[in-house]
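Following: one structure in structure tokens, then a few remarks.
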Amino acid sequence: METKVVVIEEKNIDNKAKEELVKAGEIIRNGGLVAFPTETVYGLGGDALNPESSKKIYAAKGRPSDNPLIVHVANMEDLSKIVKEVPEAAKKLADAFWPGPLTMIMNKNDKVPYETTGGLDTVAIRMPNNEIALELIRQSGGYIAAPSANTSGRPSPTVARYCVEDLSGKIEMIIDGGQVGIGLESTIVDLTAEVPMILRPGYITADMLKEVLGEISIDRTIIDSTSTQKPKAPGMKYRHYAPKGSLMIVEGPQDKVVSYINEKTKEALLQGKRVGIIGTDATKALYNEGIIKSVGNRDDEKTIAHELFKVLREFDDENVDVMFSESFDDSGIGQAIMNRLLKAAGHNVTVL
Ligand code: TXA
Ligand code: MG
């Protein structure tokens, strides 16, 4: 299959862009697949109410079919048509954070096929904060099932070229809307639990949710790497975001971390390995050898969220064998950053 790539600027959806989005919507309504930008990461979209589309999504990603998809909507009325009821908590959270990087889990009704929910009676739903995505949802009939637009197990794409790399030839269209704003997938909160529970940390933090709901819990398995329990979001059990090379996170006082990484880099280079270092703006100049990248500024963790997956992908492009990364503060959005980084590293952490 030939994959058409179209470029659309979110800030400038002119008539030509509109036409492309109408065509993209037709593709989805006819059971085809389109990758598109959201504010979090790129999504691989198909008609959420068509079981055949969901099957195609799993096939294109090489994803296990017990791992449910997120349904993307463009307005609250459409939400109410696919769930048993819209819980009070969902209304409050939607008021506060939609459109935005928050996914809510509710009880589904019969309109949503089990192929989309991986056999579950619940459905994950979000309204993305991106004009291209919202217009595409409207053009597609209102419901787009979209996992991140990467081959299963690879870091989520935050720029279109990585959708092209993973999905070219497998889907009908890729919409290139530039680098996404946030860079990490949405926060997932389960509203079917007695106390709403965070199943995946993201840009909307526990504190932000607590402010709206009063009470919030968190699935311990996603923050405690020693937990042997199964995470509640099926997708969180897979080794995700895995770069091709091995990755070690080094934690400790900055000067010790820098000298340890410099030492380990020297050793690996002597063994003929290609080495990548994930540092920050403040430490980048302190590393001596290897391919050194800054992932952002510690004082503004959003910059780190924005760059993390891109940096991991760039190291894949450069065929590094070994990567060393600094560790980050585990509070606020740092919780999401560390959750993704720990998964990318397969929980390989050295504490100094
Ligand atoms: O930001 C995002 O959420 C992006 C963009 C494209 O919207 N999408 C995304 O989808 O990250 P995906 O498929 O890569 O991750 C969806 C996660 C998986 O871990 C899945 O197991 C979980 O959501 N999930 C979906 N439906 C669920 C349900 N009914 N119950 C529990 N977990 C669910
Ligand atoms: Mg994903």
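Side notes on the structure shown:
- Accessible area of K84 (1.4 Å probe, protein heavy atoms only, ligands and nucleic acids ignored): about 150 Å².
- Counting heavy atoms of the protein chains alone, I13 has an accessible area of about 50 Å² for a 1.4 Å probe.
- Accessible area of segment 193-301 divided out per residue, in Å², using a probe of 1.4 angstrom: 55 Å²
- The chain: calculated mean residue ellipticity at 222 nm from DSSP helix runs of at least 4, using -39500 (n - 2.57): -9500 deg cm²/dmol
- Area accessible to solvent at F324, 1.4 Å probe radius, in Å²: 10 Å²
- Distant-in-sequence amide contacts of D176, defined by a placed amide H-H separation under 5 Å and a gap of 5 or more residues or a different chain, comprise V6, V7, I8.
- Think of segment 152-222 as a dipole: +1 on every Lys or Arg Cβ, -1 on every Asp or Glu Cβ, centred on the Cα centre; then among I222, M197, S168, S168 lies furthest on the positive end.
- Value of relative contact order over segment 24-103, rounded to a whole percent, pairs C-alpha under 8 Å and six or more apart: 19 percent
- Kirkwood-Stokes translational diffusion coefficient of segment 298-339, alpha-carbon pairs, 4 °C, 1.567 mPa s, µm²/s: 116 µm²/s
- Summarised as an ellipsoid, segment 1-85 has semi-axes of 22, 18, 12 Å, derived from the eigenvalues of the Cα gyration tensor scaled by 5 and square-rooted, with the largest first.
- Counted by Cβ distance under 15 Å from E165, the other residues give a net charge of +1, where Lys and Arg count +1 and Asp and Glu count -1.
- Placing +1 on the Cβ of every Lys and Arg and -1 on the Cβ of every Asp and Glu, with no other charges, gives segment 193-349 a dipole of roughly 640 debye about its Cα centre.
- Distances between placed amide hydrogens fall under 5 Å for G296 paired with D281, all partners being 5 or more residues away or on another chain.
- Here the Gaussian network model covers the chain, with springs between Cα atoms less than 10 Å apart; of P37, P99, P201, P99 fluctuates the most.
- Inter-label distance, nm, simple model (7 Å from Cα along the C-beta direction), N75/D14: 2.8 nm
- Square roots of five times the Cα gyration tensor eigenvalues for segment 60-207, Å: 24, 17, 16
- Phi angles of segment 323-333 translate, via the Karplus equation with coefficients 6.51, -1.76, 1.60 and θ = phi - 60°, into HN-Hα couplings of 10, 10, 10, 5, 9, 10, 4, 8, 10, x, 5 Hz per residue; Gly and Pro are given as x.
- Sequence-separation-based contact order of the chain, relative, with Cα cut under 8 Å and 6+ spacing, percent: 19 percent
- Annotation: average projected area of segment 9-59 is 3.9 square nanometres, based on the convex hull of Cα atoms across all directions.
- Overall Cα dimensions of the chain, principal axis frame, Å, largest first: 58, 47, 34
- Taking the square roots of five times each eigenvalue of the Cα gyration tensor of segment 82-128, the equivalent ellipsoid has semi-axes of 20, 12, 7 Å, listed largest first.
- Net charge in the neighbourhood of K266 (other residues with Cβ under 12 Å of its Cβ; Lys, Arg +1, Asp, Glu -1) is -1.
- Expressed as a whole percent, the accessible area of segment 1-63 that falls on carbon and sulfur atoms is 48 (1.4 Å probe).
- Relative to the Cα centre, the charge distribution of segment 79-218, modelled as +1 at Lys and Arg Cβ and -1 at Asp and Glu Cβ, gives a dipole magnitude of about 160 debye.
The values are calculated or read from the model by the stated rules, or taken from the named source; none is laboratory data. Because the structure is a prediction, the values reported are computed rather than measured. Counting neighbours? That spans all protein chains shown, and the Cβs are built from the backbone with ideal geometry, glycine included. SASA here: full protein model, heavy atoms, side chains in, ligands and nucleic acids out. Shrake-Rupley method; radii C 1.70, N 1.55, O 1.52, S 1.80 Å.
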